[in-house]
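The values are calculated or read from the model by the stated rules, or taken from the named source; none is laboratory data. In this text, all values refer to a predicted model and were calculated from it rather than measured experimentally. Note that we place each Cβ from the backbone using ideal geometry, even for glycine, and neighbour counts take in every protein chain shown.
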Amino acid sequence: MPSQRELLLMLFEESEQHKIEGRTRLQKLVFLVQQLWDQSDSEVFNFEPYDYGPFSADILHELDHMEEDGLIEEQVTRLPKGKKYTYTLTDQGEQYLSETSDVSDGEIGSVVQRVISQFDSMPISRLLEYVYNKFPDYTVNSKL
């Protein structure tokens, strides 16, 4: 089973330009990987129902640590209604993943590839709609 760090790095590595735009999108991509992975008895991140469906505070904590360690870069863009976060894998992050992880070739690696190819470029409204319809238990605290 990958560590929290390895799972996030795998998602960045598979994404276009090694970049994921938006915290909400990243939360949903990680959630979908865990839901589609057949190891349902062991979760890398714990999710709970929140403002926009499934949410894990552990993801935000790990992102902070990864940025401090130089594995990712975080760019914050101010918008009229808040902020947009963009996370990009660094060369150091790619090197870390190649040196420490042998899980990306296994079943979890193919699940990550499938989730990224199917959902990474999907408009966020459609991604949320998909997650809400497929996993209604995680919408009980939703703002939408």
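I need a count of the residues in the range 31-47 that are in contact with a helix residue (DSSP H, G or I) (Cβ under 6 Å, 6 or more places away or on another chain) and part of a helix (DSSP H, G or I). Break it down stepwise before answering.
Step one: list which residues in the range 31-47 are in contact with a helix residue (DSSP H, G or I) (Cβ under 6 Å, 6 or more places away or on another chain), which gives 32-33, 36-37, 43-45, 47.
Retained after the next criterion (residues that are part of a helix (DSSP H, G or I)): 32-33, 36.
So the answer is 3.
Find the residue count for the range 81-107, including only residues that are assigned to a loop (DSSP other than H, G, I, E, B) and modelled with pLDDT of 95 or more.
Let us first name the residues in the range 81-107 that are assigned to a loop (DSSP other than H, G, I, E, B), namely 81, 90, 101-102, 106.
Right, trim to modelled with pLDDT of 95 or more and you get 90.
Total satisfying the criteria: 1.
Pick from the range 85-99 the residues that are surrounded by fewer than 15 Cβ atoms within 10 Å (Cβ to Cβ) and among the charged types (D, E, K, R): which of them is farthest from Glu13 (Cα to Cα)? Walk me through it before giving the result.
Quick first cut of the range 85-99, residues surrounded by fewer than 15 Cβ atoms within 10 Å (Cβ to Cβ) only: 91-92, 95, 98-99.
When the remaining residues are screened for being among the charged types (D, E, K, R), the result is 91, 99.
Details: Asp91: 10, Glu99: 14 Å.
The qualifying residue farthest from Glu13 (Cα to Cα) is Glu99.
Mind checking which residues of the range 5-45 are surrounded by fewer than 19 Cβ atoms within 10 Å (Cβ to Cβ) and free of Cβ contacts under 8 Å to residues at least 24 places away in the same chain?
The answer is Ser40, Asp41, Glu43.
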